[in-house]
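Undergrad: One structure, pasted below without further comment.
The values are calculated or read from the model by the stated rules, or taken from the named source; none is laboratory data. Here the structure is a predicted model, which means the values were calculated and not measured. Neighbour counts are summed over all protein chains in view; Cβ atoms, including those assigned to glycine, are modelled from backbone coordinates with ideal geometry. These accessible areas exclude ligands, DNA and RNA; they are computed on the full protein's heavy atoms, side chains included. Shrake-Rupley method; radii C 1.70, N 1.55, O 1.52, S 1.80 Å.
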Amino acid sequence: MKRWMGVAVLAVACGASAQTLRWAGQGDPQTMDPHSQNETLTNNVNGQIYERLTNRNARLELVPGLAAEWTQAGPLTWRFKLRPGVKFHDGTPLTADDVVFSIQRAKEATSQVAVYANAVGVPRRIDDLTVEFRLATFNPVFLQHIDQLWIMSRKWSEAHRVTRPLDFKSKEESFAAINANGTGPYVLVSRQPGIRTVLRRNANWWGRFQGNVQEVVYTPVASDATRLAALVSGEVDLMNDPAPRDVTRLRNTAGVKVIDGPENRLVFIGMDQARDRLAYGNVPGQRNPFKDVRVRRALYQAIDIEALRTKLMSGLAIPTGGLTPSSNASFDDPALQARLPHDLAAARKLMADAGFANGFEVTLDCPNDRYINDEQICAALAAMWAQLKVRVKVNAMPRVLYFPKLEKLDTSLFLYGWGGSVTDAEAILTPVYRRRGDKGVGNYNFGNFRNDRADALAAQSSVEPDAKKREQQIRGALAELREQVNVIPLHRQVIPWAARAGVTAVHRADNWVELAWVQVK
C-alpha cells in the first residue's frame, strides 16, 4: 500500500481537483506511438490524444470524426471531406497531407494496424480538405477499417524522425514513444512508463465536451487489492478492470458504484501448430503434439468451463464455443457458438489415440495484467490439463513483456484475447485466423497455424460484395476453424467498471473510457 500512497500524494501535489480524474488500471499503455501497438488500453489512452476520420458513439455506431462527411463514389472509391479549422496540439492545421501520410505510415512493417491500413487502399490528396481512397478490390467493411487508423501530423513526425512506427517487439525507442501531438480532446502532458500518464483538456478541440474533466492522471497499479483499496478510500476515481471477486463487495460499498456492461472480447488459448518440436516443452519422441487435432480437441474437452465461470470468474464471463468477439459476428447462430462438451473420458481417449496417454510437458505463456483473472485462468487450466497427464508450467508476465514475446512467435501455448468496437467477423478472421502473410494478414496468428480451407473462405469474404454469399463464406470459415480446433475458445468477458459515486462515465462494449464524456463531482 505504501507505493500506492506515494503515487496518490504525488497526483494531488500536481493539482488534483474536483475536475481531475484519477484513473487506475492493472496495466499501462505500451507506447504513445499510435500505430506501433494495437492493444485496448494503449489505444484507449492514445485515442484521447489522436483521432480518426470516423468516430464511435455510445452504441458503437460510426459517426463523423475528423471527416465531416464521406461518400462512396463507386465500388472501389471513397471520398472524405475533412472538418475545416482543425488543428494539432502544436497549432499546425490538419490537412489532407496528414491523412495520406498517416495511412501510409500505418502500412509500415512495424505497424500493428497494417492489416487495416492496407485494406483501405491508396489515399490521395484532392485538395487541402479532401482525401480520396482507391481500392484494388472491393472491401465490404471499409469504414470499419478506416475507424482503426489514427491521424498524425506529417510535419511533427518528420521533425522528430518518427515517420515510421517504432518496432516495439525489438524494444526500439523513439520520440513518439513518450511524446504525442494529436488533434484530440486531451493533450499529453507527461508520460512516465510504468508510473503514470498525465493528460490535460485541449481547450482548442473542435468537438463538444459532454464531461467536465480538465486533467487525467492514469496510474498503473498491478495489485487488485491495492486498486480496490485506493478506490474505496477515495484515492482513485475510476478503474475499468476490478477483479470479479470484488464486484459484489463494491456494489455494497458506500461512496462507490459499479457500472455494468459486457465486452466484445473473446478470450482463448492458442497453440504452436507450425514447429516440428515445441520451443518450450518436453515431449516423448520430440514431436509437436499440437499438430495433432486430437490433442487440441482433448485439451478443449478437458476444460470445465462452468467451473471457470462460477468459481474463478464469479459469473462475470459468458462461456462460448464461438470464435468471434461478438456473437453478432457469427450471426448469433447456436451451431457456431456451441462448445465441445466437457468430457474427461473422451479427452483421455483422444490423448491415447494420438500417442500421448502419458501426456507431456509444456509451458503456458500468460499475461498477468491484461485480461480479467488472466494468470488465474492459466493456473486453473494447468490443473485441469494435469488430469490428462499434461504437465503445464505457467509463465506469467506483464503485458509489456508478453506481447513482444508473442509477436516474435516465441511461444508454444498461450492465452490471448481479441475484441474491440467492430462486430463483423472480418475483425478477427483476417488478422488472427488467417495464415501469416504480407500486408498484416495473419499478423496476430501467433500459433502460426495454417488452415487452407478456412483461409480461402476468409479471404473471399474480405472482398465479397454480395452479402448473402459473404455470410456463407464467413460461416464456412468459422465452421472449419472450429472443426480443426485451431484455437480453444474459453469465454467472452463481462467487464464491470468501478467508480466513486460522483463519477459519471459511459460504459461502451469495447471497454473504452471516453474521457470527454466523463463527469466528476
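Undergrad: Among the listed pairs Lys87/Lys171; Lys405/Lys469; Lys171/Lys291; Lys408/Lys468; Lys81/Lys155, which have their C-alpha atoms separated by more than 26 angstrom in this model?
TA: From Lys87/Lys171; Lys405/Lys469; Lys171/Lys291; Lys408/Lys468; Lys81/Lys155, over 26 Å: Lys87/Lys171; Lys405/Lys469; Lys171/Lys291; Lys408/Lys468.
Undergrad: By accessible area of protein heavy atoms, probe 1.4 Å, what ranking do Ile269, Ile195 get, highest first?
TA: Of Ile269, Ile195, the descending order of accessible area is Ile195, Ile269.
Undergrad: In addition: Per residue of segment 186-199, in order, report the coupling 6.51 cos²θ - 1.76 cosθ + 1.60 (Karplus, θ = phi - 60°) as ³J(HN,Hα) in whole Hz, putting x for Gly and Pro.
TA: With coefficients 6.51, -1.76 and 1.60, one gets 10, 9, 6, 8, 7, 9, 10, x, x, 10, 5, 10, 10, 10 Hz.
Undergrad: Among Ala477, Thr504, Leu490, whose Cα sits farthest toward the positive end of the charge dipole of segment 462-507 (+1 at Cβ of Lys/Arg, -1 at Cβ of Asp/Glu, about the Cα centre)?
TA: So the residue we want is Thr504.
Undergrad: Excluding Asn368 itself, what net charge comes from residues whose Cβ is under 12 Å from its Cβ, given Lys and Arg +1 and Asp and Glu -1?
TA: -3
Undergrad: With 19 Å as the cut-off, how large is the P(r) tail for segment 100-222, expressed as percent of Cα-Cα pairs?
TA: So the portion of pairs separated by more than 19 Å is 60 percent.
Undergrad: Given the whole protein assembly as supplied and a 1.4 Å probe, what does the accessible area of Trp78 come to in Å², nearest 10?
TA: Probe radius 1.4 Å; accessible area of Trp78 about 30 Å².
Undergrad: Could you tell me which of rounded, prolate or oblate describes segment 402-503, using a ≥ b ≥ c as the square roots of the eigenvalues of the alpha-carbon gyration tensor, with rounded for a/c under 1.5 and, failing that, prolate when a/b is larger than b/c and oblate otherwise?
TA: Verdict is oblate for segment 402-503.
Undergrad: I would also like to ask the following. Mind computing the radius of gyration and Dmax over the alpha-carbon atoms of segment 181-227? Å is fine for both.
TA: Rg and Dmax of segment 181-227, Cα atoms, are 13.1, 40 Å.
Undergrad: Once every DSSP H run of n ≥ 4 in the chain is given -39500 (n - 2.57) and the sum is divided by its residues, what mean residue ellipticity at 222 nm do you get, rounded to the nearest 500 deg cm²/dmol?
TA: Value at 222 nm, helices only: -8000 deg cm²/dmol.
Undergrad: Given labels modelled 7 Å from the Cα in the Cβ direction, how far is it in nm from Gln72 to Arg134?
TA: 2.0
Undergrad: Asn212 versus Thr310, label points 7 Å from Cα toward the beta carbon: distance in nm?
TA: Result: 4.6 nm between the two label points.
Undergrad: Right, something else. Antiparallel versus total DSSP beta bridges in the chain: what percent is that, nearest 5?
TA: 75
Undergrad: How large is the accessible surface of Met239 in square angstrom, using a 1.4 angstrom probe and rounding to the nearest 10?
TA: 0
Undergrad: By a straight-distance test (C-alpha under 17 Å), which aspartates and glutamates pair with Lys169 as possible cross-link partners, with residues fewer than eight away in the same chain excluded?
TA: Hits, sequence-local ones excluded: Asp28, Asp33, Glu39, Glu108, Asp365, Glu407, Asp410.
Undergrad: For the chain, treating each Cα as an identical point scatterer without solvent, what Debye log10 I(q)/I(0) comes out at q = 0.07 1/Å?
TA: -0.39
Undergrad: Provide the per-residue ³J(HN,Hα) series for segment 489-500, in order, calculated from phi with Karplus coefficients 6.51, -1.76, 1.60 and θ = phi - 60°, each as a whole number of Hz, with x at glycine and proline positions.
TA: Residue by residue, segment 489-500 yields x, 10, 7, 9, 6, 10, 10, x, 9, 10, 8, 5 Hz.
Undergrad: Grab the other residues whose beta carbon is less than 10 angstrom from that of Ala180, score K and R as +1, D and E as -1, and report the net. Each step should come with its number before you reach the end.
TA: Details: positive: Arg191; negative: Asp33.
It works out to a net charge of 0.
Undergrad: Tell me whether segment 223-287 comes out rounded, prolate or oblate; compute the Cα gyration tensor, take square roots of the eigenvalues as a ≥ b ≥ c, and use a/c under 1.5 as the rounded threshold.
TA: In terms of gyration-tensor shape, prolate.
Undergrad: Counting other Cβ atoms within 10 Å, keep those with at most 10, restrict to DSSP loop, and tell me which chymotrypsin sites (Phe, Trp or Tyr not before Pro) in segment 275-312 are left.
TA: none
Undergrad: Can you give the charge dipole size of the chain about its Cα centre, rounded to the nearest 20 debye, using +1 on the beta carbon of Lys and Arg and -1 on the beta carbon of Asp and Glu?
TA: 500
Undergrad: For segment 223-235, just list the computed ³J(HN,Hα) in residue order, Karplus coefficients 6.51, -1.76 and 1.60, θ = phi - 60°, integers in Hz, with x standing in for Gly and Pro.
TA: 3J(HN,Hα) across segment 223-235, in whole Hz: 6, 4, 5, 5, 4, 4, 4, 5, 5, 4, 7, x, 7.
Undergrad: Further question on the same structure: Can you give the accessible area of His491 in Å² (nearest 10), computed on protein heavy atoms with a 1.4 Å probe?
TA: Approximately 10 Å² of His491 is accessible to the 1.4 Å probe.
Undergrad: Once you have a ≥ b ≥ c as the square roots of the Cα gyration tensor eigenvalues for segment 30-152, tell me rounded if a/c is under 1.5, and otherwise prolate or oblate according to whether a/b is larger than b/c.
TA: Judged from the Cα gyration tensor, segment 30-152 comes out rounded (a/c under 1.5).
Undergrad: When only the heavy atoms of the protein chains count and the probe is 1.4 Å, how do Glu158, Glu263, Glu480, Glu172 rank by accessible area, highest first? All intermediate terms of the calculation are to be shown ahead of the outcome.
TA: Numbers: Glu158 95, Glu263 10, Glu480 35, Glu172 60 Å².
Most to least solvent-accessible, the answer reads Glu158, Glu172, Glu480, Glu263.
Undergrad: Continuing with the same structure: Heavy atoms only, probe 1.4 angstrom, no DNA, RNA or ligands counted: give me Thr226, Thr411, Thr71 ranked by accessible area, highest first.
TA: Details: Thr226 30, Thr411 0, Thr71 75 Å².
Descending order: Thr71, Thr226, Thr411.
Undergrad: Given Cβ point charges of +1 (Lys, Arg) and -1 (Asp, Glu) and nothing else, what value in debye, to the nearest 20, does the dipole of segment 178-256 about its Cα centre take? All intermediate terms of the calculation are to be shown ahead of the outcome.
TA: Working: 9 positive and 6 negative charges, 30 e Å.
Approximately 140 debye in magnitude.
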